[in-house]
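The values are calculated or read from the model by the stated rules, or taken from the named source; none is laboratory data. From a predicted model like this one, the values you see are computed outputs, not experimental measurements. As a convention, Cβ positions derive from the backbone with ideal geometry for all residues, glycine included, and neighbour counts pool all protein chains shown.
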Amino acid sequence: MWTSQDLLQLKNNENYLDNNCPLVDPKSEIIEHNYNGPLGNYPIIARVGSNDTNTVLAIIDGGGSPEYGFIPVEQNTPGSILDVGCYIGGFTRLAICSNQNRPIIAIEPMISNVAMIQRNIRQLPSNPKGNFLFNVAVGHSGHTFISGPPDDQVHRYMGNTSAAELSPTKANVKSIDLDELLLLNEICTGTKEVFFMKIDCEGGEYPLFENASRESVRKIKYIVGEFHAASVQSPDYMFLKHGYERYTITQHDANGLFAYKRIDTN
């Protein structure tokens, strides 16, 4: 279990987007790919021989249909933006460059990806509301998640400790549950509300939401993400009971991507 003091120390000492935090070694050769688009002319910094660039392009551009959709513009609605399963920072980049003017918290369990996020996000315009990046996983509180390189065997099952054990490369990463994530959000941003959560955490989305209370879930207005067991059971059961409705964002919905909006009553 994480206490509020633990989370405060995490915020003060382990924010990888703090300018005083040293750059993490990516342990890979990296390359810059030019990008000219509506979100600014900032290069995409990627690992040589990886799918990093295509992944970021799908999120920030997607040929006019970004993978997770566009972040709604609701200036009078409070709340932060959470990027859970940040990979190398594509969605965080989208949030910053679309001028949302909201604090952003990014969560990424793989330290090699954290190194890439630092390089991709620190080159962007500063966010007056603050950017935060933490090297933790989500799911059950305090569990040690086993992670490794972003290969098919491990990356696909990041939220599944037993499956990830198959990797020859392992790293211990602590995880936080939804209540702790929301408390971390409040400590970092000063608000209890989350305006938009993007989540793609390789299975960790189920322990994060399955047993969460209605009060906790409803602090989040929009939830958009990839649900990795959707072919077996729709994730509707985790959200509709808490007063959410499904909405369509892109043509990617059929590939395990789901979007939910909180139903608010006056």
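A few comments on the model shown:
- When the range 211-238 is filtered for residues that are exposed (fewer than 14 other Cβ atoms within 10 Å of the Cβ) and modelled with pLDDT under 95, the ones remaining, listed by number, are Asn211, Ala229, Ser231, Val232, Gln233, Tyr237.
- Close pairs (7 angstrom Cβ cut-off, 6 or more residues apart or separate chains): over 12 Å from Tyr222 (Cβ atoms) in the range 243-266, at pLDDT below 80 anywhere: Gly256/His228; Gly256/Ala230
- The residue of the range 119-142 that is modelled with the lowest pLDDT, among those that are more than 18 Å from Phe196 (Cα to Cα) and under 14 Å from the mean Cα position of the chain (by Cα), is Gly139.
- Listed by first and then second residue, the pairs with beta-carbon distance under 8 Å, at least 6 apart or on different chains, first residue in the range 113-141 and within 13 Å of Asp18 (Cβ to Cβ), second surrounded by fewer than 22 Cβ atoms within 10 Å (Cβ to Cβ) and basic (Lys, Arg), are Phe132/Lys11.
- Check on Leu183, part of a strand (DSSP E or B) and either basic (Lys, Arg) or at pLDDT 90 or above (or both): no
Conditions (1) in contact (Cβ under 8 Å) with a residue 40 or more places away in the chain; (2) closer than 19 Å to Phe132 by Cα; (3) surrounded by fewer than 22 Cβ atoms within 10 Å (Cβ to Cβ), marked per residue:
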| site | (1), (2), (3) |
| --- | --- |
| Asn36 | no, no, yes |
| Gly40 | yes, no, yes |
| Pro43 | yes, no, yes |
| Gly49 | no, no, yes |
| Leu57 | no, no, yes |
| Gly64 | no, no, yes |
| Glu74 | yes, no, yes |
| Pro78 | yes, yes, yes |
| Cys86 | yes, yes, no |
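- Within the range 190-216, considering residues that are over 16 Å from the mean Cα position of the chain (by Cα) and not in a loop (DSSP other than H, G, I, E, B), the one farthest from Ser4 (Cα to Cα): Arg214
- Tallying residues that are free of Cβ contacts under 8 Å to residues at least 24 places away in the same chain and part of a helix (DSSP H, G or I) within the range 1-33 yields 5.
- Residues of the range 178-201 that are among the charged types (D, E, K, R) and surrounded by fewer than 22 Cβ atoms within 10 Å (Cβ to Cβ): Asp179, Glu180, Glu186, Lys192, Glu193.
- Looking at the range 44-110, the strands (runs of 3 or more DSSP E) lying wholly inside it that each contain 2 or more residues that are under 25 Å from Arg246 (Cα atoms) and modelled with pLDDT of 95 or more sit at 80-84, 104-107.
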